[in-house]
Amino acid sequence: MPQNVSVSFRVHYITCSPFQLIAVTGNHRELGNWENYVPLRQDKDGFWCNSITLPADVKMEWKFVMVENGKIKRWEECLNRCLETTHDIQAHKWWGCRM
């Protein structure tokens, strides 16, 4: 039986409009296959976060994106981020910093 893990995404980003939001996208179906995205919820102090369930033991690439009026308008300027879903993960990152 396939296993799943919880991945919590969190990033600091100040949007300029109520029509903007921050999301994640990636090379896996659950992350939108680079065409769609998973929206994050606006939290306090400029942070955006969301937890999603992903299949366990999968390697995927992903990025934060800025969405405006339902369309991706800005991609992170860094290289793709890598995620290996071996266990529950908290992906607390800074926009554009690949650490």
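The values are calculated or read from the model by the stated rules, or taken from the named source; none is laboratory data. Everything quoted here is computed from the prediction, not taken from an experiment. Cβ placement follows ideal geometry from the backbone for every residue including glycine, while neighbour counts extend to all protein chains displayed. Protein only, heavy atoms only, side chains kept; ligands, DNA and RNA dropped before computing areas. Shrake-Rupley method; radii C 1.70, N 1.55, O 1.52, S 1.80 Å.
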Rg over Rh of segment 25-99, using C-alpha atoms and the Kirkwood radius, what does it come to? 0.93
Count of lysine pairs in the chain with Cα atoms under 17 Å apart, counting only pairs 8 or more residues apart in sequence or on different chains? 4
Segment 1-37-segment 38-99 distance, computed between alpha-carbon centres (Å): 5
Among Phe47, Ile89, Gly26, whose Cα lies farthest out toward the positive end of the dipole of segment 4-99, if unit charges sit on the beta carbon of Lys, Arg (+1) and Asp, Glu (-1)? Phe47
Computed P(r) (all Cα pairs; segment 1-68; 10 Å bins; percent): 21, 50, 24, 5, 0
Order Trp75, Trp34, Trp48, most accessible first, counting only protein heavy atoms with a 1.4 angstrom probe. Trp75, Trp34, Trp48
Whole-percent carbon and sulfur contribution to the accessible surface of the chain (1.4 Å, no ligands, DNA or RNA) stands at 49
Point-charge dipole on Cβ atoms (K/R +1, D/E -1) for the chain, about Cα centre, debye to 20: 200
What distance in nm separates the simple spin-label points at Leu79 and Thr15, each placed 7 Å from Cα in the Cβ direction? 3.0
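Would you mind working out the accessible area per residue for segment 1-73, using a 1.4 Å probe, and quoting it in Å²?
Value for segment 1-73: 58 Å² per residue.
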How many nm separate the modelled label positions at Asp45 and Asn27, each set 7 Å beyond the Cα in the direction of the Cβ? 3.4
